[in-house]
Amino acid sequence: MTNSIKNNSRNCDGKYFAIRRLGLRTAFLFINFLLIIMALYHLKPASRSLFIESLGADRLPHVWIGTGLTMMLFIPFYNRMVVRISRFRVVLGTCLAISGLLVIFRLLLITPTQAVSAGFYIFVDILGVVLVEQFWSLTNSIYSTDEGQRWYGMVGTGGLVGGVLGGVVSAFIIRQTALQTPDLLLVAGGIILTIFALTWVMDRFGLYCEVDRPEPDPRPAKNGWRVLGKSRYLFLIAAILLLAQLASPLIDYQFLKTVEEAYPEREARTAFLSMFFSLMGTVSIGVNLGLTPLFHRKLGAIAGLLVQPLMMSLCAFGFLVHPVLFWGGASKISDRGLSYSINRASKELLYIPVDPVLIYQAKAWIDMFGYRMFKVFGSFVILIFTQWLPFAISVQGLSSFTIGICALWIGLIAVIRTDYRLARKEEFA
């Protein structure tokens with residue numbers, strides 16, 4: 001492994017052995033992931049609020065298309081860089097680069113322009129993907145499969161807690177101090193520098209020593225769609241996941257449009273978005289700890305998959321009948337809050353009976369390209385039916401599309417139920 005952390009770390013011998021216990025390593029990673037999501041939940045409300053102020057919520061589909069296309073160009077370049085440079089050095093360099101760029105954006109926002117606000121929105125979405133991907137890339141390299149099954153739940157909970165704390169802290173900063181929305185960039189930059197320091201300390205103590213395993217082939221994402229075409233089961237999984245991405249921009253657009261109308265003043269809007277993201281994280285934690293284990297133990301993974309589309313369709317109907325902030329927020333929580341909790345755990349259970357090589361190939365394509373393609377498609381749906389056609393529909397009318405997508409989504413879950421049972425039987429045959 002020419003680019004492994006093992007060959008770059010100086011502390012993977014017998015030194016500091018006592019501090020490398022799995023529980024302590026997990027505690028460090030819990031804090032690391034908490035800080036990553038906490039930083040993002042300072043930047044997300046700021047980027048949304050600044051964009052709405054400069055361009056208005058009607059322009060959101062344009063920036064989502066820009067984000068998707070930028071990501072599809074950036075990710076292959078990023079993956080090539082990771083192949084040539086050790087993951088550890090890439091993480092440290094990324095933290096320094098992001099902190100520096102946040103300072104630059106803060107200076108540019110002294111006199112904000114539409115281009116700066118749009119660029120900052122795209123930058124926040126990209127850095128969110130990069131920081132989370134880097135974290136799990138490092139984490140996956142230092143745990144064996146058995147260790148991961150025991151400890152990943154705790155590590156992932158750090159992200160959920162970070163979302164709650166990030167929202168609460170950013171709302172407190174806006175409401176109770178003299179700092180304003182653009183100043184959240186500097187707060188987030190400080191948190192990311194703390195991540196840099198923590199990552200460096202963890203390496204010094206040998207907590208990033210890799211488990212010996214073959215390096216994955218970096219090419220599967222290019223041909224992952226072919227794997228989906230050869231396996232009906234994987235194709236159904238991909239269709240279910242991608243339908244969720246198709247519906248997500250419709251719900252996000254409705255939510256942010258109602259936020260724009262309810263909170264025309266920037267600082268009040270930022271504070272509301274911060275507290276809303278905190279609430280969404282709290283819901284995710286509650287569902288993760290209470291509802292998810294109950295559903296999986298009593299009803300199984302398929303029942304867990306049904307929760308999100310059922311709740312999304314119910315909330316979409318509520319918004320269709322009464323397009324107010326309550327139903328816009330409820331739709332957003334039913335989308336992202338459940339996606340990060342019961343839906344994520346349920347979809348991972350679908351992958352277990354599948355050959356690991358096929359899983360890697362399929363997930364690489366879905367995560368790197370499929371998600372972004374379908375979010376771009378969803379953004380085009382918004383533009384076509386609300387702005388480009390002569391018979392444009394209202395914002396609340398988009399709920400009809402959401403309900404239709406959820407109906408198809410539920411139908412595919414009913415179809416995959418039989419395939420899942422067959423895959424489980426073959427796994428234990």
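Screening the candidates 287, 259 for the property of being assigned by TED's automatic domain parsing to the domain that holds residue 336, under 30 Å from residue 183 (Cα atoms) and touching a residue at least 24 places away in the same chain (Cβ under 8 Å) yields one hit, 259.
Quick grid of which residues meet (1) over 18 Å from residue 267 (Cα atoms); (2) more than 20 Å from the chain's Cα centre (by Cα); (3) aromatic (Phe, Trp, Tyr):
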position: 53; (1), (2), (3): no, yes, no
position: 58; (1), (2), (3): yes, yes, no
position: 95; (1), (2), (3): yes, no, no
position: 121; (1), (2), (3): no, no, yes
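Quick test for you: out of 382, 359, 352, 333, pick the one residue that is over 24 Å from residue 57 (Cα atoms) and either touching a residue at least 40 places away in the same chain (Cβ under 8 Å) or among the aromatic types (Phe, Trp, Tyr) (or both). If you could, list the steps in order and put the result at the bottom.
Details: 382 fails: over 24 Å from residue 57 (Cα atoms); 359 fails: either touching a residue at least 40 places away in the same chain (Cβ under 8 Å) or among the aromatic types (Phe, Trp, Tyr) (or both); 333 fails: over 24 Å from residue 57 (Cα atoms).
Criteria check complete, one pass: 352.
Among the residues of the range 377-415, those identified as among the β-branched types (Val, Ile, Thr) and closer than 29 Å to residue 255 by Cβ are 381, 382, 384, 386, 393, 395, 402, 403, 405, 410, 413.
Quick one: is residue 251 crowded, with 24+ Cβ neighbours inside 10 Å, touching a residue at least 40 places away in the same chain (Cβ under 8 Å) and either among the β-branched types (Val, Ile, Thr) or not in a helix (DSSP H, G or I) (or both)?
yes
Of the listed requirements (1) surrounded by 16 or more Cβ atoms within 10 Å (Cβ to Cβ); (2) within 20 Å of residue 277 (Cβ to Cβ), residue 78 misses just one: (2).
Listed conditions (1) touching a Ser or Thr at 6+ places or on another chain (Cβ under 7 Å); (2) surrounded by 21 or more Cβ atoms within 10 Å (Cβ to Cβ); (3) modelled with pLDDT under 85; (4) of a type outside the set (D, E, K, R) are all met by residue 244, apart from (3).
The values are calculated or read from the model by the stated rules, or taken from the named source; none is laboratory data. Owing to the predicted nature of the structure, the values given are computational and were not obtained by experimental measurement. Note that each Cβ is placed from the backbone with ideal geometry, even for glycine, and that neighbours are counted across all protein chains shown.
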